[in-house]
Amino acid sequence: MELQEAGQKILMEQAMGLLDGVMEYREMMMAYSCAIKEVKTKFDVLDTEFHIRYQRNPISTIHTRLKSQTSILEKMSRIGYPPTIENIEACLNDIAGVRVICSYVDDIYEIADALIRQDDIRLIRKKDYIANPKPNGYRSLHLIVTVPVFFAESKKEMKVEVQIRTIAMDFWASLEHQIKYKKDIADADQIIGKLKKCADVIAETDLEMQKIRQQLEKEENAETDVETIFEKLKKFDVPIV
């Protein structure tokens with residue numbers, strides 16, 4: 001009887017330990033999910049500000065991503081660390097991800113600088129793959145930042161990976177990602193070369209589009225006749241959303 005009770009006690013302790021681990025993991029993922037919301041809100045606010053100040057939206061779309069449990073375990077195994085909560089939080093920077101798609105290259109840097117200047121954002125790492133593209137042609141601005149997340153009884157600094165790129169860069173990256181994971185590709189080196197060439201063409205197009213926009217803005221600002229002034233005033237009559 002005593003042995004049976006002792007066995008039940010051990011099983012109960014193991015079950016409680018497992019439950020505690022599950023709850024701790026869920027709380028960690030909740031915190032990362034909340035960090036994504038905090039950063040996304042900051043970008044939404046910046047986009048609204050640009051819309052009112054300059055009558056244009058620098059951000060086309062915002063995508064968010066929370067890394068899956070399988071991906072977390074695979075990455076921890078790959079880097080050779082046990083998948084404890086402490087190790088996961090210390091070793092992985094990309095559990096929470098925010099991808100911001102901008103219309104023009106200069107918008108990327110303006111939006112990034114505006115985010116980093118905020119006093120509750122701490123920049124951990126910055127990688128500029130626009131100024132220094134990857135060998136395959138990949139271009140994007142990568143930031144690892146921390147943002148405070150406030151809970152009912154505590155505050156926690158959470159890491160978020162931010163990728164900022166143009167519409168054209170995102171289009172290229174999406175197609176390159178699909179092609180990269182196809183197996184048994186014939187003439188792989190030739191395809192890699194074509195992808196690199198496409199990336200270079202896209203980069204040139206991005207810069208030309210930016211020059212066209214800047215030229216139009218310059219001409220717009222130079223016009224001073226009454227009709228133009230009324231047209232500019234109409235632009236201010238826009239809903240704040």
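Miscellaneous remarks
- The C-beta contact set for the stretch 71-90 (first residue β-branched (Val, Ile, Thr), second residue modelled with pLDDT of 90 or more and surrounded by 14 or more Cβ atoms within 10 Å (Cβ to Cβ), distance under 6 angstrom, 6+ apart or interchain) comprises ILE85/MET28.
- Top-ranked residue in the stretch 112-130 [being farther than 20 Å from LEU207 by Cα and aliphatic (A, V, I, L, M); ranked as surrounded by the most Cβ atoms within 10 Å (Cβ to Cβ)]: LEU115
- Residue in the stretch 7-22 that is within 30 Å of ILE88 (Cα to Cα) and at pLDDT 55 or above present: yes
- Residues located in the stretch 106-132, provided they are under 16 Å from ASN57 (Cβ atoms) and of a type in the set (Asp, Glu): ASP106, ASP107, GLU110
- One residue stands out in the stretch 30-72 among those that are in a loop (DSSP other than H, G, I, E, B) and over 13 Å from the mean Cα position of the chain (by Cα): the one that is surrounded by the fewest Cβ atoms within 10 Å (Cβ to Cβ), namely SER68.
- Taking the stretch 154-206 as the range and being at pLDDT 90 or above and of a type in the set (Val, Ile, Thr) as the test, the residues that pass are VAL160, VAL162, ILE164, THR166, ILE167, VAL201, ILE202, THR205.
- Residue check for PRO133: crowded, with 16+ Cβ neighbours inside 10 Å, more than 16 Å from the chain's Cα centre (by Cα), in contact (Cβ under 8 Å) with a residue 24 or more places away in the chain and over 18 Å from ARG26 (Cβ atoms): yes
- The stretch 47-68 residues that are under 21 Å from SER33 (Cβ atoms) and touching a residue at least 12 places away in the same chain (Cβ under 8 Å), paired with ones that are among the basic types (Lys, Arg) and outside any helix (DSSP H, G or I) (beta carbon under 6 Å, 6 or more apart): HIS63/ARG99
- Criterion: in contact with a Lys or Arg (Cβ under 9 Å, 6 or more places away or on another chain) and either without any contact (Cβ under 8 Å) to a residue 40 or more places away in the chain or under 18 Å from ASP44 (Cα atoms) (or both) - qualifying residue of SER140, SER174: SER140
The values are calculated or read from the model by the stated rules, or taken from the named source; none is laboratory data. What you are looking at is a predicted structure, and each value in this text was computed from that prediction instead of being measured. Using ideal geometry, Cβ is built from the backbone for each residue, glycine included, and neighbour counts are taken over all protein chains shown.
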